[in-house]
Structures are given as structure tokens and as C-alpha cells.
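Notes follow the structure.
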Amino acid sequence: MHFNKFTEVVGTEYVIASIEHWGKMFETKSSYLLFINTITNETKQVDFPEGAYFREIEQIKIDSLGINLLVMTARTVDLDGKNGIDWNDPTQIFILSPDGKEKTQLTESKFFVRTWIVNKLTVTIVVAGYYDTNNNGKEDKTDKNEIHIYDLKTLKLITKI
């Protein structure tokens, strides 16, 4: 078991530990996040599929609107079904509650997230990426590039551009 990273959830009593269990040849066998309540010592484990890769966790906190959530990017889907989850698979965006009790996959499994940003004024997240329309496992001219805008209050897609 490897504790890859600790993340403080600002304004709460929680710290998140990113944990990976590695097998032979250093491939990831299992990955999960462990939300630790530093006052009560209670923990909440948030599991992901075997071989998942965590990329980043960023807290979005807008006190005036009562918004406090975590945006996480991860590869969690073996799209080609051949070699397990690897660098050719899409990155998805997940939204987590500060205590880890709620987890929502925001983007579709077949949408390759490239970049994203939060607009705190409109409480939206704007996501750029593409669909591998010819299913060749790489980005090329035939793929469909899109921008998706999601409402962070409802966690629903507002529009695709």
C-alpha cells in the first residue's frame, strides 16, 4: 500500500489520503481515496475500479453560495477493454463532497477530458475534450472536439459547444 498524497479539505476537519495498492511491475491493482475526519478519526473509503489513476483533486469553495466540493480528475475506464486502464484511456471528472460520502461522475466515460476551469461567478465548470469517434485510441482529425458546461449546484450538463 502506498500513500501517494495527502490533501487538506480547507474549512473542514477532513484530510484525504490517495492510496494505491501496487502489484508486480508497479502496476496499480487498486486505488481509493480515504477521507479522514481529524477530530473523530472516522474514515470514509471512496473506491475506484482496479487500475484507476488519480490525477488531481481541487477544492471549490464558494462560501457565499454554500458551495464546498472537490473536483477530481482520474482515469477509471478501460475503453478498449484490452490492457486495463492506461494512458490511452479517457480522463473523467468526478465531484466529491468534502466528507467523501457523495461521489458523482460528471463527464461521460467516453469523453476524453483535456482541461477544465471553474467560473465561480456562474458556479459552472467548463470542460474541454473530445470523443474518439473512430475508436482508434488516439486523438486525430476525425475526432469530435467539444466544450461542455456543467452547473456545479445541480451537477448537470447545461450545454455542449
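What to note about this one:
- Cα gyration tensor, the range 2-160 - rounded (a/c under 1.5), prolate or oblate: oblate
- Sequence ranges 128-138, 56-66, ranked by mean other-Cβ count within 10 angstrom, highest first: 128-138, 56-66
- Here the 3J(HN,Hα) profile of the range 39-52, calculated from phi with Karplus coefficients 6.51, -1.76 and 1.60 at θ = phi - 60°, is 9, 8, 6, 6, 10, 9, 8, 10, 8, 9, x, 4, x, 5 Hz, Gly and Pro shown as x.
- Ranked by the mean number of other Cβ atoms within 10 Å of their residues, highest first, the peptides 11-18, 144-151 come out as 11-18, 144-151.
- 3J(HN,Hα) along the range 5-15: 7, 10, 10, 7, 9, 4, x, 9, 8, 9, 10 Hz, from the Karplus curve 6.51 cos²θ - 1.76 cosθ + 1.60 with θ = phi - 60°, whole Hz, x for Gly and Pro.
- Packing order of peptides 111-123, 87-99, highest average first: 87-99, 111-123 (average count of other Cβ atoms within 10 Å over each peptide's residues).
- Distance cut-off 18 Å, percentage of C-alpha pairs in the range 70-129 lying past it: 40
Read the figures in this text as sums done on the coordinates, not as results from a lab. Please read all numbers here as calculations on a predicted model, not as lab measurements. Here the Cβ is made from the backbone with ideal geometry for all residues, glycine too, and neighbour counts use every protein chain on show.
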